[in-house]
Amino acid sequence: MSRSKKLSLEDLRKVAIKTQLPEAFGIDIVELGEDFVTASLTVDSRHLRPGNIMNGGVSLVLIETVGSFSSYLFLDSEHQNAFGIQVSANHLSIARPGDVLFAKSSPVHIGRTTQIWDVNITNQHQKLVSSGRITMLVTDLPGK
């Protein structure tokens, strides 16, 4: 399985336009490999639920974001787009304010019309916080 294009970390960061969800949530793409993407997020008041712990939905946002960036590596972005059609997660431990989370993708399936990515979210102590999977649907852009 090989990427459709060679991107640098800075190129991939430019895909997330300012004022979009990754920036608003404090998500930063920190690592890019041949077939994976790693993003970081520091838990703060934006991410909390009652009890001063991170809302589980934040993990789903991380999984969706990292899966979307990962699928972008394997697209012809001038002619194709991809979007999540199924996302799921198991929450295995609690994250609290100040925790630094790292969400790293790994490919399960890279096909012509679908991609499946596993995403593990760990904290700064390498403790697994959430484990998830996203299925991406690859579509042609209108008129292409």
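A few remarks follow.
- Theoretical ellipticity at 222 nm over the chain - DSSP helices of four or more residues, -39500 (n - 2.57) apiece, nearest 500: -6000 deg cm²/dmol
- Length-normalised contact order of the chain in % [C-alpha pairs under 8 Å, at least 6 apart]: 25
- Mean Cβ neighbour count within 10 Å, used as a protection proxy, ranking 45-53, 57-65 highest first: 57-65, 45-53
- Extension gain, D35 back to K127 (0.36 nm per residue minus Cα-Cα distance, nm): 30.9 nm
- Per-residue 3J(HN,Hα) values for the range 108-121, derived from phi via the Karplus relation 6.51 cos²θ - 1.76 cosθ + 1.60 with θ = phi - 60°, read 9, 8, 10, x, 5, 10, 9, 9, 10, 10, 8, 9, 9, 10 Hz in sequence order (x marks Gly and Pro).
- Gain on full extension, evaluated as 0.36 nm per residue between S8 and V108 minus their Cα-Cα distance, stands at 33.7 nm.
- Computed about its Cα centre, the charge dipole of the chain is approximately 180 debye, with only Lys, Arg, Asp and Glu carrying charge at their Cβ.
- Using the Karplus relation 6.51 cos²θ - 1.76 cosθ + 1.60 with θ = phi - 60°, the per-residue 3J(HN,Hα) values for the range 71-77 come to 5, 4, 4, 10, 10, 8, 5 Hz, with x marking Gly and Pro.
- Taking only the Cα atoms of the chain, the radius of gyration and Dmax are 15.0, 49 Å.
- Estimated inter-spin distance, Q86 and I53, nm [label 7 Å along Cα→Cβ]: 2.8
- Between S93 and L137, the modelled label-to-label distance comes to 3.7 nm, taking each label 7 Å out from Cα in the direction of the beta carbon.
- Within the listed set D76, D99, D28, the Gaussian network model of the chain (springs between alpha-carbon atoms below 10 Å) gives the highest mean-square fluctuation for D76.
Bear in mind that the values in this text are calculations on the coordinates, not laboratory data. Being a predicted model, the structure only gives us computed values, none of them experimental. Methodologically, a virtual Cβ is constructed for each residue, glycine included, from the backbone with ideal geometry; neighbour enumeration extends over all protein chains shown.
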